[in-house]
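Colleague: Handing you this structure, nothing more for now.
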Amino acid sequence: MIGSLRFAGDLHPALVVGAALASASVIAWLYLRESRTVGAPYNYLLPALRASAVALTILILAAPVWHRRMTVGTLGQVVFAVDTSQSMSMNDSAEPDSSPTRLDRALNFLTGDAQRTGWLESLAETHLVDVIAFSAGEPSLVWSSRDGGESPTVIDLSASGLRTDLASGAALLHGGPFSTEGDTVATPPQSAALVYLTDGRDNAGSSPIDAAEKLESSGITVHAIGMGSRDEPVDVGIIDVVRPDSVASDGQLAGEVLLKSVGVTGSEGTPGNVTVRIESAGQVVWQQTVPATSSQARVPFVVDVESILQPMEAEGPRGVRRSTVVMDLRAVVEGIDGDTHAQNNIMPFRVAASMRDRRLLILDGSSRWETRYLRNLFARDPAWAVDTVLFGPGTDMPRVKRGDRSGELPDTDVAMAAYDAIILGEVPPDQITESDADRLRDFVTRGGGLIVIDGRYQRMSALARDRFPALIPVRYVGDESLSVASILPSSLGKDHPVLNLWGDQREQTDFWEKLPAPPLVPMIEPQEGAEVWAEAVSGDQRRVPWLVTRLYGAGRVFYLSADQTWRWRYKVADRFHARFWNQLLNAVMQPPYSASDDYVALGTDKIEYEEGESSTIRVRLQDPSGRAVGDATVDALLISEDRVIATVPLSVDDPARGTYRGQTPPLPSGAFSIRVRASGFDAQALQASTPIWVGARDAIELGQVSLDQEALKQVAKAGKGVYLHESSSEQILENLRPLSNGMVVESDILVWQSFYWFWAIILLLTLEWWMRKRAGLV
C-alpha cells in the first residue's frame, strides 16, 4: 500500500500554508504578551497550543486528502516505446495539412479521445504502465503509472530525431532489466511486455532482432504496432553528400550527391527530370539536371576549389593566418509538385580546404606493390608531400641512412615531428635501434598518426616483440597463417566512415565480401584497449583481426594484417583503393591548426560533429619573440551568435612546445566558433578563431519513410510477440490484459472533512483550557 497527501482546495496549498503559519505566528505573539508572567512550561505551551489550533483551522481551506493506492495480486508490466524520429512526422495522406502525423496517431492510441478510451487508462488499473520515447541514443521516460496520477489526456512529443535505433528502446529494459534509476523503468514483475509504436525504419545502432531475443530470454515479450503506409510517398530530396573531409586549396572537390526521387513523372507518365546544384555563399558553383529514373541515384560532381575560395580571401580579421579554410556549402534539389516534405531538399555540408601540404613518411624494407601504389597515390595528390625511405637487403639502401633530408630516416624529434603521418612497413628489425623506436613512440604520443602494414616477410612480429610491444596494437599467436575468403567490417567498424567505401550503409557487408581478399593473414589477437574494425574470414568462418586500431597518447595507431589492398584497383582503378587510404589517413592524423596569429594557433579534431559529440580543441601559445609558452592558464571559449555559451579549461599537453588540449561538453546542434583566452595575453591580441558545426551529416532518416512491415514482423517474432498494423492495433489489448492477475485499488479520505481533523482541533483547545486553569489564568 502506498499513501500520499494531496490538496483539493480552490486555493494553492502554498498560499494556504503561508497564511496558516502567518496567522499562527501572530496568535502566538499576542498570546505571549499574556502568558509571559506565567511560570514554565505554561508560558510557551499555551501560545503553541492556541497557534496550532488556529493553523489547523486555516489549513481546512487547502482541503487535504489522504490518497491510498493498494495493489491486490500481481500486476503485469507494459512499456510502450514511441518512435520520435523524423520519419514519424509523415501524414500518409494526400492532404497532409489536415491529417495527423504517425506520431500523433500513435499518441492518440495511448491517450484516447472523445470517441475512445486510451490504452493507458484501460490498463492503468490492472498493469504497471510506462511510456518511453526513443529515436537514437538514450530513451527517455515520458509517463509512468507508478507516479499515481491520472492517465494523461495529452502527451507532448515531437518527431525530431535524426536517426532511428529500434534497439535503444529495448536496451533501456534489458540488462536492468527494468531498474528504476533516473529515467529508467522499474524492475519487471513476473509478466512484462514491450510494445513498439513505430514505422520500423531502423538505421542506427545494433540489431533490434538481437535486442528482442535478449528481452524474450528475460521473460519480456516484444510486440510491434506498425505506423504508416507501406507505399513510399511522392518525394524528391537529398539523402547524403559523399565528399572528402578535406581537399587541397588548388585542387578539385569531387563527390557524389545521393538523390532520392519517388513519383517524379514528366509528360504522358514518363519519368521526369530533377535539377541538382551545389551552392557556396548563395552562388551556384555546380549544377546538373538528371533523370529521376530510380528511388535513389548517385549524382557525381566536381567543383574547382579555387573558385570557391576566391570570394573568401578577404574574410576574417587582419593578422590571422589560416592553414585550412572551411568551405560552407549546400546541396540543393529543386522541389516538385506533390513533394510530401521539403525539408530534405537542401543539405548543408562542409569541406576543409588545406592551405598547406600534408607530409607523409613511408618506411619499408622492400618496394612491394602496396608501397608502390601508396607512394604513387599520394605523390600525385597536390595536397600531399611524400617522403619514401626504402632500406634493407635487396634495396638501393642496404643500410639505413639517418638524417633530416628527404630519403633518410629522421634522426631527431624535430625532423620526425615535421610529418603528419607515418606508414611503417616490414623494415629490417636489426636496423631499427632503440633510439629510432623511442622517436617513433614519441611521435605518436604527441599526436602523430602511424599505420603499420604487415606482410609476407614476417618481420613485423619481431618488431612488435622487440621494439614496439606497446605501440603495435596486436599480439602474434604462433607462426601459422589463416587462409582468407573475405574481409568483413566488424560491428564497431560498420559505424566508422573509414570503411564506408560504397555509400549505402545497408550494402556495406555485400560490398566488402566482393572486394579481393588477401590470400593469407597471420594469427593475431588485439591487445587490451584495441578495437577491431575489420576481420579476415576463412572459408570455415574462422575470424582473425585485419584492421586494428588504438589510441596511443595523443595519437592513433592502425594495424593492417596484410598488404593486398592494391588488388582493389582491379578494373576500377583508384575508386576504392584511393578512397580507403584517404579515409584511413584522415582518421589516423591529427588535423593541423586551422588558424593562427602572432601568439596563438588553434585547431579542432573535426569541423563537423554529430549532436551530442564532443570536440577536442588544440592550442599552441608563443610569446612575441616566438618562444613557446607552456605555463599559462588557457581557456577555450565556445561562442554562438556572439555569445559565450561555454568555457572549456585546457590542460598543458607539452610545455616545451607550448601546446594545450581540452574537450568540450556534448554539443547541441548549431554553428559555433572557438576562440582562446590565456593568462598573460591581452584578449585583443588573441584574434585567431575556428568554426565548427554540429548536426546530422546526412538525411538517412528520410531516405525511406514507408512502413517497414517485414522488419517489425521479424522483431515481434524474435520477441515472441505479435505484429499489428495501426488499423487493427486495438487487438493489442487482448494480448496485454493476460499479463496481469491483479489490480490497483485507489481510495481517498477527505481529511479536512473527517472527525480526525475536527477532534484534533478540539483536543488542542481542550488541552489549552486545562493548562490555563492549572496556570491560574481561568
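Colleague: Condition first: touching a strand residue (DSSP E or B) at 6+ places or on another chain (Cβ under 8 Å), more than 19 Å from Gly448 (Cα to Cα) and either open to solvent by 20 Å² or more (accessible area, probe 1.4 Å) or among the β-branched types (Val, Ile, Thr) (or both). Now tell me which residues in the range 573-597 satisfy that.
Modeller: Ser596 - this is the single residue of the range 573-597 that is touching a strand residue (DSSP E or B) at 6+ places or on another chain (Cβ under 8 Å), more than 19 Å from Gly448 (Cα to Cα) and either open to solvent by 20 Å² or more (accessible area, probe 1.4 Å) or among the β-branched types (Val, Ile, Thr) (or both).
Colleague: When you go through Ala40, Ala19, Ala24 one by one, which is the residue that is over 46 Å from the mean Cα position of the chain (by Cα), of a type in the set (A, V, I, L, M, F, W, C) and under 19 Å from Arg774 (Cβ atoms)?
Modeller: Answer to the selection: Ala40.
Colleague: Please verify whether the range 486-502 includes one or more residues that are open to solvent by 50 Å² or more (accessible area, probe 1.4 Å), in contact (Cβ under 8 Å) with a residue 24 or more places away in the chain and more than 19 Å from Val548 (Cβ to Cβ).
Modeller: Scanning the range 486-502 turns up no residue that is open to solvent by 50 Å² or more (accessible area, probe 1.4 Å), in contact (Cβ under 8 Å) with a residue 24 or more places away in the chain and more than 19 Å from Val548 (Cβ to Cβ).
Colleague: Counting only residues that are hydrophobic (A, V, I, L, M, F, W, C) and open to solvent by 10 Å² or more (accessible area, probe 1.4 Å), which one in the range 384-408 is farthest from Val588 (Cα to Cα)?
Modeller: Among those that are hydrophobic (A, V, I, L, M, F, W, C) and open to solvent by 10 Å² or more (accessible area, probe 1.4 Å), it is Met397.
Colleague: I'm trying to understand the selection: among the residues of the range 442-459, which are closer than 24 Å to Glu370 by Cα and either small (Gly, Ala, Ser) or without any contact (Cβ under 8 Å) to a residue 60 or more places away in the chain (or both)?
Modeller: Hits for the range 442-459 are Gly448, Gly449, Gly455.
Colleague: Restricting the search to the range 98-139, which residues are open to solvent by less than 50 Å² (accessible area, probe 1.4 Å), part of a loop (DSSP other than H, G, I, E, B), over 29 Å from Thr340 (Cα atoms) and not β-branched (Val, Ile, Thr)?
Modeller: Selection gives Gly118 alone.
Colleague: Follow-up. Just to verify a result, which residue in the range 699-723, among those that are of a type in the set (A, V, I, L, M, F, W, C) and more than 20 Å from Ser85 (Cβ to Cβ), is nearest to the chain's Cα centre (by Cα)?
Modeller: Looking at the filtered set, the residue picked out is Ala718.
Colleague: Continuing with the same structure: If Thr509 meets every condition in (1) surrounded by fewer than 20 Cβ atoms within 10 Å (Cβ to Cβ); (2) over 26 Å from Tyr609 (Cα atoms) apart from one, which number is that one?
Modeller: Result: Thr509 passes all but (2).
Colleague: Has the range 65-84 got at least one residue that is in contact with a helix residue (DSSP H, G or I) (Cβ under 7 Å, 6 or more places away or on another chain), open to solvent by 50 Å² or more (accessible area, probe 1.4 Å) and assigned to a helix (DSSP H, G or I)?
Modeller: No, there is no match, as no residue in the range 65-84 is in contact with a helix residue (DSSP H, G or I) (Cβ under 7 Å, 6 or more places away or on another chain), open to solvent by 50 Å² or more (accessible area, probe 1.4 Å) and assigned to a helix (DSSP H, G or I).
Colleague: What pairs can you find where one residue is in the range 24-41 and surrounded by 18 or more Cβ atoms within 10 Å (Cβ to Cβ), the other is assigned to a helix (DSSP H, G or I) and of a type in the set (Ser, Thr, Tyr), and their Cβ atoms are less than 8 Å apart, with a gap of 6+ or different chains?
Modeller: Cβ pairs passing all conditions: Ala24/Ser52; Ser35/Tyr42; Ser35/Tyr44.
Colleague: Let me ask something else about it. Which one is nearest to Ser135 (Cα to Cα), of the residues in the range 42-53 that are without any contact (Cβ under 8 Å) to a residue 60 or more places away in the chain and buried (at least 18 other Cβ atoms within 10 Å of the Cβ)?
Modeller: Ala51
One line per residue, one yes/no per condition, for (1) within 26 Å of the chain's Cα centre (by Cα); (2) open to solvent by less than 30 Å² (accessible area, probe 1.4 Å); (3) without any contact (Cβ under 8 Å) to a residue 24 or more places away in the chain:
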| residue | (1), (2), (3) |
| --- | --- |
| Lys214 | yes, no, no |
| His223 | no, yes, no |
| Met227 | yes, yes, no |
| Ile239 | yes, yes, no |
| Asp245 | yes, no, no |
| Ala248 | no, yes, no |
| Val264 | no, yes, no |
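Colleague: Here's a check for you: in the range 438-469, which residue that is among the aliphatic types (A, V, I, L, M) and out of contact with any Lys or Arg (no Cβ under 8 Å at 6 or more places or on another chain) is surrounded by the fewest Cβ atoms within 10 Å (Cβ to Cβ)?
Modeller: Of everything passing the filter in the range 438-469, Ala462 is surrounded by the fewest Cβ atoms within 10 Å (Cβ to Cβ).
Colleague: Also: Out of Glu608, Glu528, I need the residue that is over 18 Å from Val498 (Cβ atoms) and at pLDDT 90 or above. Which one?
Modeller: When all the criteria are applied, what remains is Glu528.
Colleague: Does Val333 count as crowded, with 19+ Cβ neighbours inside 10 Å and modelled with pLDDT under 90?
Modeller: Taking the combined requirement at face value, the residue does not satisfy it.
The values are calculated or read from the model by the stated rules, or taken from the named source; none is laboratory data. None of these values were measured; they are calculated from a predicted model. Don't worry about glycine lacking a Cβ; one is built from the backbone with ideal geometry, like all the others, and counts go over all protein chains shown. SASA here: full protein model, heavy atoms, side chains in, ligands and nucleic acids out. Shrake-Rupley method; radii C 1.70, N 1.55, O 1.52, S 1.80 Å.
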